[in-house]
Structure formats: structure tokens, C-alpha cells
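What follows is one structure encoded as C-alpha cells, with my remarks underneath.
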Amino acid sequence: MELGYARVSTVKQDLERQLDALTAVGIALERIFVDKKSGAHTDRPGLNALLEYAREGDVIVVHTLDRLGRTVRDTLNLIHDLTERGVGLRNLADPIKVDSSNPADPMGQLALVLLALFAQMEHTYMLERAAHARAVAARNGRRTGRPSVVDPDKLTYAIHLRDTEGLTMSEIAAKTGITRATLYRHLPPRPAEPVTAGGQPEPRA
């Protein structure tokens, strides 16, 4: 069975383009799991429900791979975990086509090798950027990792901006003066949202 996954980064963005692409290849809306939050969030109820629902022999279809993970490494790890479970993954619109449901396809395997290479490069660059930031902070006499104190009224306002007005973390940070990192640490989880685009998927054993 083919299952779809679609994600946008904020509640103000529209899933329609991704849903159209997934339904165009024959996936019913009740089998398309959705999230409206940034890939930086580890708590994505739609993706979690999809991974729990998927069974051996299923194929998860996404419009583009960046819908799945916040980094190439995250996406590659997810593909590996799915492969171990006998669940395939394919994308529709990326320049590099991935179809892990067909291990005999040499181009699909090449795509996974390229993803692994990109993941290693990404990890190396991340470590270099972090080391550079620490060095700059030390030269300027700043401490890193200092705990922050958040005004409760500002935090309440930030929750309103996120859950009611659908603002991004960057927009909330600009309005409240609270850094994005502090917002991610202190904001409570979002209210529960529907996990599919069209009602509940059929029950599975």
C-alpha cells in the first residue's frame, strides 16, 4: 500500500500543492498523513502516526525529501529505519529520485549513496560552524549556553502568536524579543491536530 506524507512549516502555509501531487499518483486523502510545523520539531504527530501505521511492504511517498527531516542525515536515518522494517520510500519532485522500495534499482541505490555523502558533509560543516561560533564568542568575552529567564507575560503572548495567529518562530521572536532558541525550549507543545488530510485511515492490525 502507498501512504503519503505532507508537511508545511507553519499553520499559515498551504498543503494543497503537496496533496495534489500525492493524490495525482493515486493516494487517497485518508492515507496522506500531514503536519503543519517546522522540520526542526521532533514532535510531529502526523509523521509519528504514519510510521506507526506503516507495515512491511508499504511505500511512503513524499513530494520532496525535505518534508521528512530537518537535515539530510535525519532523512537518511529514517530511510534506513524504514528499510529495516521492509517499508519503502519514494519522492516525486526532487532532482535526485529515491525509491528504496526497489533495492535492485542501481539508480535508487546511487541516490542513497549521494544522500549519505551529503549527510557527512552537512555534519562536518555543522561542527565547523559551531566551533567557529564558540571561538568568536570567546574572543568577544561572551559565554555560550547561558540559561535564559523568560517573562511569563511574553511567553503567554508568544503562545497566542503561534497557536492563534499562526506566526513562525522568527516572527514571534521579532515581536516578543525572545530568541528562537529560547522559544523552542520554553513553548509548550502545540494543540493536537488531525494527522491525515481526509479523515481516519482504515484500521490495521
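The values are calculated or read from the model by the stated rules, or taken from the named source; none is laboratory data. Model, not experiment: these values are computed from the prediction. Cβ sites come from the backbone with ideal geometry, for glycine too, and all protein chains shown count toward neighbours.
Output the number of the condition that HIS123 fails; it satisfies all remaining conditions of (1) at pLDDT below 80; (2) over 25 Å from THR75 (Cβ atoms); (3) part of a helix (DSSP H, G or I).
For HIS123, the exception is condition (2).
Output the residues belonging to the range 152-205 that are closer than 23 Å to GLN18 by Cβ, surrounded by fewer than 18 Cβ atoms within 10 Å (Cβ to Cβ) and not charged (D, E, K, R).
Result: GLY166, THR168, SER170, PRO191, ALA192, PRO194, GLY198, GLY199, GLN200.
Could you name every one of the helices (runs of 4 or more DSSP H) located completely within the range 1-101 that has at least 3 residues being of a type outside the set (Gly, Ala, Ser) and closer than 30 Å to THR124 by Cα?
Hits in the range 1-101: 45-53, 72-84.
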